[in-house]
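Peer 1: This structure is in structure tokens; I'll ask about it shortly.
Coordinate-derived values only; no laboratory data. Here the structure is a predicted model, which is why all the values come from computation and not from measurement. Here the Cβ positions follow ideal geometry from the backbone for every residue, glycine too, while neighbour counts run over all protein chains shown.
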Amino acid sequence: MTRASLFKFVGLLACVFLLACYLLVYIASDLDRSEQEDRAFHVEKALKSLEAALTGSIKDYAILNDPLEYKLSEKDMGWSHSLEKIGLELHRTLGVQGLFVLNGQNQTIYSAVNGELTSVQAERWANHSLGPFLNEARAGAKTSAPTSAFININGIPALVAAMATGQTRTRSSSSTGSSSPSLFLAVVVLDEAKLRKMAEDYDITGLRVAPSDAHHEASILPLGHNGEAGVLQWDLPKPGRNLLELGLPLLGISALLIFLMTWVIMRRATAAAHALDDSYIFLQNAQVALAASEERFRDVVEASSDWVWEIDAEWRFKYLSERFEIVTGLHRNAWLGAVIDGLLSTTEPGMLSSKLCSPRRRHDLHLQCSYIDATGQIRITRISAREMTNGGFRGAATDITEEVEARRRIEFLSQHDAMTGLPNRIRLQEFLDGKLKAFPTDDRPLVMLSLDLDRFKPVNDMLGHAAGDSVLNEVSIRLAACVRQDDLVARIGGDEFVLILTDLTCQGEVESLCERLIKSIERPIKISGQEVFISASIGIAMAPNDAREATELLRYADIALYEAKAHGRNTWRFYAGDMNAKLIERRRLEIDLRNAITNGELQLQFQPRSRIVDGNMVGAEALVRWLHPERGLILPDAFIPIAEDAGMILTISDWVLETACFHAKCWPDNLFVSVNLSPAEFKQGNLIGRVRKILAESGIKPHRLELEITESLMLEDVEGVLEVMHALKCLGVRISMDDFGIGYSSLSHLRTFPFDGMKIDRSFLNKMSENEDHRALIEAMVGIGHALALTVTAEGIETSEQLDLLKSVSCDEGQGYYLSLPLDIDEFTDLVKSTLM
Ligand code: C2E
Ligand code: CA
Ligand code: CA
């Protein structure tokens with residue numbers, strides 16, 4: 001309701017109340033007025049009836065007592081008695097206080113006051129002049145009508161009535177010439193008693209004689225002419241005023257109440273209206289928000305790469321978003337109404353519908369499903385579903401085909417070697433764990449082969465990495481071809497492979513497999529027109545005989561492999577218990593070696609190198625020894641590989657270089673010192689810097705220092721090695737190739753690298769005596785060395801014959817037990833001194 005209509009309503013209400021007030025006042029005044037008229041009427045009626053009764057009685061008596069006329073003049077006592085009776089009667093019935101009989105001269109003949117005869121004159125008793133009235137009464141005698149009037153007797157109004165007696169005879173008396181008739185005169189004084197009686201009879205309250213100043217009041221009746229006889233007054237009930245007194249407050253209260261109620265109702269109505277307005281606005285906002293949300297939902301649904309679906313309780317599609325067609329290529333209309341299981345099947349066993357209604361399902365479900373798209377391809381989709389309140393489900397489908405494929409690929413890559421495609425270490429571990437869980441027995445053991453390619457590194461270095469990769473790929477194929485489908489061939493490092501086999505029952509079978517494997521690998525591999533020859537060493541460990549744990553098995557197979565390599569490569573070894581002991585021993589040595597330098601346990605021996613022609617010493621090779629506090633003397637072949645493996649070779653080499661130079665400094669200038677370097681020193685550590693520093697610190701002339709490096713070094717990083725060698729040459733030191741003739745001898749190395757000399761490996765000298773061919777070989781080697789302007793040294797001269805032979809082939813220098821054993825520094829110093837003398 002608006003404010004204006006509220007004011008209108010209140011105004012209308014006010015008008016109604018004003019009207020009601022007016023009506024009430026009007027009714028009240030009307031009531032009062034009619035009450036007043038009613039009372040006045042009653043008073044008049046009372047007076048009139050009194051007057052009528054009095055005049056009637058007077059008339060009756062006047063007529064009845066007409067014969068008494070005669071006796072009037074004589075003062076008859078009998079008449080007096082009659083009058084007394086009449087007076088008494090009138091006094092009793094009408095309250096007549098004075099009854100008089102007057103003669104024609106208005107003299108009182110008889111008088112009865114209050115019913116008792118007296119002799120008082122009427123005028124005196126009345127204390128009022130009655131002349132005019134009496135005359136009027138006598139005039140009335142002609143019409144036989146009594147006369148009445150109100151007079152005032154001693155301040156109290158009184159009704160007088162008179163009637164001439166003997167009217168019947170009046171007509172005759174007039175004939176006799178008689179003058180005035182006698183009169184009956186009755187007076188009723190309207191005193192308090194009479195008025196009370198009248199009031200009682202006419203139900204008038206408070207009828208009384210009014211005081212002289214009450215003339216103007218409404219409830220009065222003046223008696224006589226202009227009220228000369230007095231004024232009657234009575235109580236006037238005010239029903240109107242009472243009504244007003246009661247009605248107005250009631251009306252006021254009810255108006256107030258109605259206003260109050262209206263106010264409250266209006267307030268409530270206003271509040272309700274406000275609330276309604278608010279809820280309307282809220283509703284409007286909600287509708288706007290709903291519309292926006294619907295639009296957003298539509299946008300999101302259609303913009304999203306997912307398609308949205310809805311199925312009813314019968315698993316039939318009720319809704320499919322437009323995206324469905326784009327993603328799947330299928331027609332929406334063809335699928336609406338179709339059962340969801342017809343399109344989607346879960347990747348786990350069981351139908352999608354049974355998964356959706358499974359009692360153990362969560363509120364929100366996520367399932368991986370597959371379906372066949374329009375092109376007939378299998379697509380993978382992730383379904384998210386939520387149960388609807390009215391039954392059925394709705395959800396979204398996200399195409400995750402690529403994701404699954406990528407995941408599969410990642411999983412594959414994480415478990416396989418990218419280059420060869422063989423399982424990697426992770427897959428191996430998994431496979432191994434799985435096989436070991438099946439508890440292999442001695443009858444059906446699990447065989448693990450640890451296979452390492454021999455001579456692979458040179459191939460890689462010489463022919464390049466691409467060739468190396470090709471070799472590895474070819475080897476992978478050949479290995480895989482030698483085993484069953486269920487077996488596993490894994491590549492776990494550069495040229496390291498592990499094979500897991502479960503179908504071999506005895507050692508013989510294992511050995512024949514190893515033979516096959518090695519033979520297969522030994523077959524030449526053709527790489528860009530070149531034939532490459534490699535071989536392999538195999539270590540074998542078996543579960544449960546050797547170990548039941550995967551890591552242990554791997555370790556034991558590695559130990560066996562190590563053993564196989566140590567025994568000339570291209571062979572296999574079964575793990576044996578003592579191999580482990582050897583390995584433990586090696587570990588212990590490694591730990592001890594760490595402290596060897598600081599503990600001063602390392603020593604240098606010097607083995608002289610002499611010119612073959614004249615036997616003069618030209619220098620000495622520094623050979624390191626380890627004086628172990630418990631194990632005694634340990635030769636370098638036993639600990640240098642450990643130092644190399646354990647990363648301690650630089651420390652040892654530094655010590656050897658320093659010590660060798662430090663001693664050589666004291667030797668004659670024509671003697672050089674020769675120091676062996678490990679291949680590792682070329683790759684790591686700042687060899688040039690170290691050598692420069694040592695030369696500077698020791699003060700030895702650079703040409704007096706010779707560095708011996710093995711041919712294997714040349715097979716690795718050719719460029720890097722060349723660079724280092726040239727830098728060393730720049731420092732002025734000599735470089736010779738150690739152990740020439742074994743391993744990967746390649747004459748090109750001698751040509752490519754800036755060597756100053758070569759040392760023919762001692763194995764050639766050993767075999768020389770056995771075979772003429774070897775002699776020729778040594779001669780050829782010396783020839784090559786000379787052709788390349790290298791100083792050729794023969795190692796391992798143990799006999800005079802060997803020396804002679806070397807002399808015959810013009811070998812430059814020689815070294816060997818025959819010439820001198822490696823000597824302690826003191827012994828060597830003594831030797832030097834003795835040769836000088
Ligand atoms: P290598 O460089 O060929 O050293 C010569 C080895 O032949 C020495 O063995 C020496 O004692 C031994 N020898 C010398 N004359 C004869 C002989 O007439 N007959 C026989 N059968 N052997 C002879 P050693 O001292 O045991 O050294 C073994 C290898 O250890 C060395 O072979 C060398 O490659 C390495 N080596 C020695 N000292 C060091 C070093 O300080 N640093 C590095 N990196 N390697 C070292
Ligand atoms: Ca050497
Ligand atoms: Ca050597």
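Peer 1: Suppose each label sits 7 Å from its Cα in the direction of the beta carbon; what would the Thr262-Ala4 distance come out to in nanometres?
Peer 2: So the two model labels end up 1.8 nm from each other.
Peer 1: Which shape class applies to the stretch 394-492: rounded if a/c is under 1.5, otherwise prolate when a/b exceeds b/c and oblate if not, where a ≥ b ≥ c are the square roots of the Cα gyration tensor eigenvalues?
Peer 2: Oblate is the answer for the stretch 394-492, as a/c is 1.5 or above yet b/c matches or exceeds a/b.
Peer 1: Sticking with this structure for a sec: What ranking, highest mean first, results for peptides 672-683, 394-405, 532-543 when packing means the other Cβ atoms within 10 Å averaged over each residue?
Peer 2: 532-543, 672-683, 394-405
Peer 1: In addition: Within the stretch 82-130, list the trypsin sites (Lys or Arg not before Pro) lying in a DSSP loop whose Cβ has at most 14 other Cβ atoms in a 10 Å radius.
Peer 2: Sparse-neighbourhood loop trypsin sites (Lys or Arg not before Pro): none present.
Peer 1: Continuing with this model, one more query. Could you name the lysines whose alpha carbon sits less than 21 Å from that of Lys519, not counting residues in the same chain fewer than 8 places away?
Peer 2: Cross-link targets: Lys457, Lys565.
Peer 1: Shifting gears a bit: Applying 1/(1 + (r/R0)^6) with R0 = 56 Å to the Cβ-Cβ distance of Asn242 and Asn285, what FRET efficiency is obtained, to the nearest 0.05?
Peer 2: It comes out at approximately 0.35.
Peer 1: Separate question: So which trypsin sites (Lys or Arg not before Pro) in the stretch 610-642 end up in coil per DSSP with only 15 or fewer other C-beta atoms within 10 Å?
Peer 2: For trypsin sites (Lys or Arg not before Pro) across the stretch 610-642 that sit outside H, G, I, E and B with at most 15 neighbouring Cβ atoms in 10 Å, the list reads Arg631.
Peer 1: If you take every residue apart from Arg734 with its C-beta less than 9 Å away from the C-beta of Arg734, what net charge results, scoring Lys and Arg +1 and Asp and Glu -1?
Peer 2: Charge balance near Arg734 sits at 0.
Peer 1: How far is the Cα center of the stretch 697-765 from the Cα center of the stretch 73-152, in Å?
Peer 2: One Cα centre to the other: 195 Å.
Peer 1: As a test of the formula, what do you get for the chain when each DSSP H run with n ≥ 4 contributes -39,500 (n - 2.57) and the sum is divided by the residue count, at 222 nm and rounded to the nearest 500 deg cm²/dmol?
Peer 2: Helix-only estimate at 222 nm: -16000 deg cm²/dmol.
Peer 1: From a point 7 Å beyond the Cα of Ser144 in the direction of its Cβ, which residues of the stretch 30-58 have a backbone N at a distance under 20 Å?
Peer 2: 52-58
Peer 1: A further question follows. Provide the FRET efficiency to the nearest 0.05 for the Lys767-Phe533 pair, computing r from the beta carbons and using R0 = 22 Å.
Peer 2: Using R0 = 22 Å, I get an efficiency of 0.45.
Peer 1: So what is the relative contact order for the chain, in percent, with contacts set as C-alpha pairs under 8 Å and at least six apart?
Peer 2: Computed value for the chain: 6 percent relative contact order.
Peer 1: Ok, one more. Sequence gap at least 6, Cα distance under 8 Å: using those rules, report the relative contact order of the stretch 324-436 to the nearest whole percent.
Peer 2: Averaging sequence separation for qualifying contacts and normalising by length gives 15 percent for the stretch 324-436.
Peer 1: Assign one of three labels to the stretch 670-771, namely rounded, prolate or oblate, based on the Cα gyration tensor with a ≥ b ≥ c the square roots of its eigenvalues; rounded applies when a/c is under 1.5, prolate when it is not and a/b is larger than b/c, and oblate otherwise.
Peer 2: Judged from the Cα gyration tensor, the stretch 670-771 comes out oblate (a/c at least 1.5, b/c at or above a/b).
Peer 1: Right, something else. Which entries of Lys665/Lys807; Lys729/Lys759; Lys59/Lys85 have Cα-Cα distances beyond 28 Å here?
Peer 2: Lys665/Lys807
Peer 1: Could you grab the relative contact order for the stretch 313-390? Cα pairs under 8 Å, six or more apart, rounded to a whole percent.
Peer 2: Once normalised by length, the contact order is 24 percent.
Peer 1: Which FRET efficiency, nearest 0.05, do Ala272 and Phe41 yield, Cβ-Cβ r, R0 56 Å?
Peer 2: 0.40
Peer 1: Follow-up. What does the charge count around Ala696 come to, taking other residues whose C-beta lies under 15 Å from its C-beta (Lys +1, Arg +1, Asp -1, Glu -1)?
Peer 2: Net charge in that neighbourhood comes out at +3.
Peer 1: What full-extension length gain, to one decimal in nm, is calculated for Gln485 and Asn670 as 0.36 nm per residue of separation minus the Cα-Cα distance?
Peer 2: So the extension gain works out to 59.8 nm.
Peer 1: For the pair Glu403 and Glu387, how long in nm is the line joining their label points, each one 7 Å along Cα→Cβ?
Peer 2: 2.5 nm
Peer 1: Still on this model: With point charges of +1 on the Cβ of Lys and Arg and -1 on the Cβ of Asp and Glu, referenced to the Cα centre of the chain, which listed residue (Ala162, Leu831, Ile700) lies farthest in the positive direction of the dipole?
Peer 2: Most positive-ward Cα: Ala162.
Peer 1: Separate question: In terms of the Cα gyration tensor, with a ≥ b ≥ c the square roots of its eigenvalues, is the chain rounded because a/c is under 1.5, prolate because a/b exceeds b/c, or oblate?
Peer 2: prolate
Peer 1: Run the numbers for Glu522 and Thr118: contour at 0.36 nm per residue of separation, minus the present Cα-Cα distance, in nm.
Peer 2: In short, 126.1 nm is gained.
Peer 1: Okay, next question. Between Ile742 and Cys21, what is the spin-label point distance in nm, taking each point 7 Å from the Cα along the Cα→C-beta axis?
Peer 2: Going from the Ile742 label point to the Cys21 one covers 14.0 nm.
Peer 1: On a full-extension model of 0.36 nm per residue, what is the gain between Ile378 and Glu430, subtracting their alpha-carbon distance, rounded to one decimal in nm?
Peer 2: Separation in residues times 0.36 nm, less the Cα-Cα distance, equals 15.8 nm.
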